[in-house]
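Take a look at the structure set out below.
The values are calculated or read from the model by the stated rules, or taken from the named source; none is laboratory data. These numbers come from a predicted model, not from an experiment. Positions of Cβ are generated from backbone atoms using ideal geometry, with glycine treated the same way; all protein chains shown enter the neighbour counts. Side chains are part of the model used for accessible areas, which takes the heavy atoms of the whole protein and leaves out ligands, DNA and RNA. Shrake-Rupley method; radii C 1.70, N 1.55, O 1.52, S 1.80 Å.
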Amino acid sequence: MRRIAPSHLDLLAEVRIDPRSPLPKHRQLYEALRRAIAEGRLRADDELPSTRELARELAVSRNTAIAAYEMLVAEGYIISRGGAGTFVAKNAVQVLPPPRPSVEPRPLSAMADMFRVSRLPLPPGPSKPFRPSSPAIDAFPYGPWSQLAARVLRGDVHGWMSDGSPVGLRSLRRAIARHLHAFRSSPCDPDQIIVTSGASSALFLCSMVLLDPNDAVWVEDPGYQRARLAFRTRTERIIPVPLDEAGIDIQTGIALSPRPRLIYTTPTHQWPLGIVMPPVRKRALIEFAAERGAWIVEDDYDGDLRFERRTYAALCGLDDSERTIHVGTFTKSLTPGLRIGYLVVPPDLVDAFVAAQQVVSRYPNPITQAILAEFLESGAAARHMHEMQMLYNERHELLRARIASKCSGFLDAKPSTGGTFTVAELATGIDDVALSAAFAAEGFESVPLSTTYAGSSGKRGLLLGHAVAKPEDIRAGVDTLARIAATPVSMPR
């Protein structure tokens, strides 16, 4: 039974918004409601006013009320129950301590509040079975890597002990250029390549260099949350564009925002649904970007792990108008501990990206760069990637077969063309967030598919990392999912 809170008017009478305060209005409202909960004036399951009613009574914008509620939700003070309304969380007072009195206001930036509301999970520890996007670290060729590392350490000491170039070691950029030419049909000059500390760093650089406040950005929906957050650092106009069978839907995007400044896409293996963008859609996207003066950021996060082992043309290799920025990484194909990614940018943008790199990001350790360059040039990287393509395909097919055998009618594992994870869609009405939590309690990781959508509606399911799961892990994990599914009390709908 939900308890109706004291009169909304009584509650709102205690809230004071001081226009002269150095605290933004949404922070003032957040602090007032947090105190009311912490001091017991609002109790568990009390229903709060809608954001529209709250804004009207306090004579503030609705965005102010929404921002305050988002901060309270992020910290666990209140919860939203779909169309039922907004309520005080059951354990808000017991778990979360009351705020400490401060001598003076300590306002932070609006961006700091945005980061807190959109907080990403803490960096994970060692990979557990079914963690999406994690490679099979146990299959990494440690012997050849160690031999190359020893050779590098005995070689040009001054080269790898110096601070290094902001664009990355020349040897690594040359090796990446050859790799892209051979496996992406995308010839480029090494001087167009900028080495970064992973793909997230590369996306943040794109945001800093390519966007102004209020520029519109198309992002795939569902899509990669870290990319959305990277672009939100520069603009609030993030436009989620739905997908069709060929990837990002250009016509729907035009209807939502006809002149985007930037288009973010994962054309090789759409994250998370796995759609492969066909050549016709690639060319249509390139032509649209050239016509509208938009930039395309192509995130090729796992292009080295295609199961059919064929080369393909990346967008940057097809784009004669040079509107495409290619983002690549070695954290999926090799190991996340490398923390090495890269950008391929049009020649006239190199100086701007290098200047930004020097200010906002430190480039990877030169020793690691030198070893990776030798790893690529020696052919060891290509051999390892080829072996992982076969291994991951075997694990993907085993996972699909096991789910079909043990979880039919509950989970439907979709076929994939490559990569490290499998999309398993749930039967209608099942809460994938609750299922993922129950799975985690049994020692297995996953990502709820619904959380990859920008809005509240979308498919439900689990992203299950097959790459990091050995055959025995796959059998045990699917058996666990089947057991959870057979326990109705554990499966909210």
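Being touching a helix residue (DSSP H, G or I) at 6+ places or on another chain (Cβ under 7 Å), aromatic (Phe, Trp, Tyr), open to solvent by 20 Å² or more (accessible area, probe 1.4 Å) and closer than 25 Å to Ala486 by Cα holds for only one residue in Phe444, Phe439, and it is Phe444.
Has the stretch 300-308 got at least one residue that is assigned to a loop (DSSP other than H, G, I, E, B), surrounded by fewer than 24 Cβ atoms within 10 Å (Cβ to Cβ) and on the phi > 0 side of the Ramachandran plot? Within the stretch 300-308, none of the residues are assigned to a loop (DSSP other than H, G, I, E, B), surrounded by fewer than 24 Cβ atoms within 10 Å (Cβ to Cβ) and on the phi > 0 side of the Ramachandran plot. In the set (1) among the polar types (S, T, N, Q); (2) within 20 Å of the chain's Cα centre (by Cα); (3) modelled with pLDDT under 95, Thr422 fails one condition alone, (3). Within the stretch 274-304, the only residue that satisfies the criterion of being of a type in the set (Gly, Ala, Ser) and touching a Leu at 6+ places or on another chain (Cβ under 7 Å) is Ala294. Tyr392 passes every criterion in (1) of a type in the set (Ser, Thr, Tyr); (2) under 30 Å from Ala175 (Cα atoms); (3) at pLDDT below 95 apart from (3). Close contacts from the stretch 312-340, counting a first residue that is more than 19 Å from Arg173 (Cα to Cα) and a second that is open to solvent by 30 Å² or more (accessible area, probe 1.4 Å), with Cβ to Cβ under 7 Å and a gap of 6+ residues or different chains, come to Tyr312/Ser185; Ala313/Ser185; Leu318/Arg283; Ser321/Ala290; Arg323/Ala290.
Selection within the stretch 455-467: residues that are touching a helix residue (DSSP H, G or I) at 6+ places or on another chain (Cβ under 7 Å) and closer than 23 Å to Ile238 by Cβ. The member of this set that is least open to solvent (accessible area, probe 1.4 Å) is Leu463. Within the stretch 474-489, the residues that satisfy the criterion of being of a type outside the set (Val, Ile, Thr) and buried (at least 19 other Cβ atoms within 10 Å of the Cβ) are Gly477, Leu481, Ala485.
Restricting the stretch 457-484 to residues that are within 22 Å of Tyr224 (Cβ to Cβ) and among the charged types (D, E, K, R), the residue that is modelled with the highest pLDDT is Arg460. Of all residues in the stretch 311-334, those satisfying the criterion of being surrounded by fewer than 24 Cβ atoms within 10 Å (Cβ to Cβ) and not in a loop (DSSP other than H, G, I, E, B) are Gly317, Leu318. Output the qualifying pairs, or none if there are none: Cβ atoms under 9 angstrom, residues six or more apart or on different chains, first residue in the stretch 134-151 and among the polar types (S, T, N, Q), second residue open to solvent by 70 Å² or more (accessible area, probe 1.4 Å). From the stretch 134-151, the pairs are Ser134/Pro124; Ser134/Lys128.
Every listed requirement among (1) within 27 Å of Arg261 (Cα to Cα); (2) out of contact with any Phe, Trp or Tyr (no Cβ under 7 Å at 6 or more places or on another chain) is met by Gln369 save one, (1). Listed by first and then second residue, the pairs with beta-carbon distance under 7 Å, at least 6 apart or on different chains, first residue in the stretch 55-66 and within 13 Å of Arg16 (Cα to Cα), second open to solvent by less than 90 Å² (accessible area, probe 1.4 Å) and outside any helix (DSSP H, G or I), are Ala55/Ser61; Leu58/Val15; Leu58/Ile17; Val60/Ile17. Checking the stretch 111-130 against the condition returns no match, with no residue being part of a strand (DSSP E or B), closer than 30 Å to Arg35 by Cβ and modelled with pLDDT under 90.
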